[in-house]
Amino acid sequence: MAELEVLTDAAVLIDGERIAAVGRYTDLQPGTGNVERGVEVVEVAGVVYPGFIDCHTHAVFGAPRLDDHERRALGMDYKTIAAAGGGILESVRDVRARSDAELAALTRARLAVLLAHGATTIEVKSGYGLDCETELRQLRVIARLAGAQPASLVPTFLGAHEVPPEFRDRRADYVRLVCEEMIPAVTRERLAVACDVFCEPGVFSVAEARTVLAAARRHGLALKLHADELDGSGGAELAVEVGALSADHLAGVSPAGIRALAASETVAVLLPATLVFLGGRSQAPARGLLDAGAALALATDLNPGSSPTLSLPLVMALAVSQLGLRHAEAVNAVTVNAAAALGIAADRGQLAPGFRADLVVCDVADWREVAYWMGGNAVTAVWTGGSACPLPIGSVSLGPHVQA
Ligand SMILES: [Zn+2]
């Protein structure tokens with residue numbers, strides 16, 4: 001992961017939505033070799049990267065959770081905040097009360113900002129509905145936006161994000177609802193390509209997560225897992241056992257979990273912005289995972305409670321300074337490895353012939369700068385599927401103007 005091929009005076013030849021060739025500019029000039037004379041030439045200054053891939057977001061939500069933010073600053077822990085009416089269930093009440101049109105408009109604005117920071121492929125989860133209709137509504141919002149803005153969206157069903165209040169005393173019934181009603185409904189409408197579960201003590205146990213993932217697999221969904229986010233409970237081991245594409249979070253992963261990930265194809269997805277935003281928590285053992293031989297990806301974890309973060313370059317800078325990644329490892333973690341975490345590594349994540357022509361340009365002198373300007377945005381141009389994307393100019397409204 002510490003290796004990157006860097007070409008100077010380079011050119012990328014694009015044919016339709018795909019990359020046709022990558023090489024030296026002198027070899028790819030129109031009228032030379034196999035390149036036709038009439039080909040359109042776009043000159044860019046700086047560095048061209050493969051389009052970044054944000055492999056873990058919860059972008060479909062309503063209001064920010066500002067009270068949670070302030071309560072945490074005052075020293076309240078997760079359970080106290082939930083008891084005070086905050087946490088995931090606050091976002092669930094909010095999303096249930098909002099219209100599809102409003103959720104779509106809010107999500108569209110956030111996708112535009114993610115894209116402006118270089119994210120050309122974005123995974124988006126449901127999980128703030130926690131009833132069949134609202135989970136489907138969230139996923140339909142994602143489907144509607146998939147063709148209506150330039151980034152590619154990868155939808156994931158996360159009905160097992162939390163137990164909703166109406167099932168608090170009968171959680172087994174909720175797991176059954178997820179398996180027997182939600183997953184079949186989601187797959188019937190082809191609204192998701194993967195299923196995720198929040199596997200954590202006090203949320204869903206390893207046994208409950210295994211049940212949900214088994215149902216998802218029977219319905220043809222790929223598997224992902226929120227694993228060992230706060231306390232280690234065998235989440236990473238479960239992700240490997242079921243052949244999940246990724247195990248995400250991992251701040252509490254055990255040595256056995258690290259060994260299991262290292263011996264598997266399951267990608268370890270780390271979310272350093274989340275732990276910085278929550279404050280006072282230690283980061284996932286990134287070096288331990290890398291040194292053991294695990295594949296590592298990074299994502300924003302964009303969500304209203306623990307990571308209102310819209311910048312993969314910020315996440316890359318945090319990965320260098322907080323996780324001990326080298327710049328090359330950070331770049332690989334948001335391109336080729338993030339593609340693997342979504343099961344699309346044969347299609348995108350590299351500047352190579354045959355790959356989808358998703359490109360990010362940063363007007364910088366050294367390619368490492370993308371993971372250096374912490375909180376700034378060095379991205380100056382983005383292409384998806386071979387087309388230049390209009391980028392938002394100035395600030396974008398990210399939250400609703402009225403409370404639900
Ligand atoms: Zn998450």
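Values quoted throughout were computed directly from the atomic coordinates according to the rules given, and no laboratory measurement underlies them. Just so you know, these numbers come straight off a predicted model, no measurement behind them. Here the Cβ positions follow ideal geometry from the backbone for every residue, glycine too, while neighbour counts run over all protein chains shown.
Among the residues of segment 237-259, some residue qualifies, meaning at least one is of a type in the set (S, T, N, Q), within 14 Å of ALA299 (Cα to Cα) and in a strand (DSSP E or B). If you filter segment 215-235 down to residues that are more than 18 Å from the chain's Cα centre (by Cα) and within 15 Å of the ligand (Cβ to nearest atom), you find that the one that is farthest from ALA160 (Cα to Cα) is LEU230.
Scanning segment 256-297 for residues being farther than 26 Å from GLY375 by Cα and free of Cβ contacts under 8 Å to residues at least 12 places away in the same chain gives a total of 1.
Take LEU225 and tell me if it is hydrophobic (A, V, I, L, M, F, W, C), part of a strand (DSSP E or B), closer than 26 Å to ALA273 by Cβ and touching a residue at least 12 places away in the same chain (Cβ under 8 Å). Walk me through how you get there before you give the answer.
On the way: hydrophobic (A, V, I, L, M, F, W, C): yes; part of a strand (DSSP E or B): yes; closer than 26 Å to ALA273 by Cβ: yes; touching a residue at least 12 places away in the same chain (Cβ under 8 Å): yes.
In short, yes.
Quick one: would you say GLU135 is within 16 Å of the ligand (Cβ to nearest atom), of a type outside the set (Gly, Ala, Ser), over 19 Å from LEU310 (Cα atoms) and part of a helix (DSSP H, G or I)? Show your work before the answer.
Numbers: within 16 Å of the ligand (Cβ to nearest atom): yes; of a type outside the set (Gly, Ala, Ser): yes; over 19 Å from LEU310 (Cα atoms): yes; part of a helix (DSSP H, G or I): yes.
In short, yes.
Exactly one residue among VAL197, VAL212, VAL203 is away from the ligand (no atom under 13 Å from the Cβ), buried (at least 19 other Cβ atoms within 10 Å of the Cβ), touching a residue at least 12 places away in the same chain (Cβ under 8 Å) and β-branched (Val, Ile, Thr), and that residue is VAL212. The set of residues in segment 65-81 being part of a loop (DSSP other than H, G, I, E, B) and either within 16 Å of the ligand (Cβ to nearest atom) or crowded, with 20+ Cβ neighbours inside 10 Å (or both) consists of ARG65 alone.
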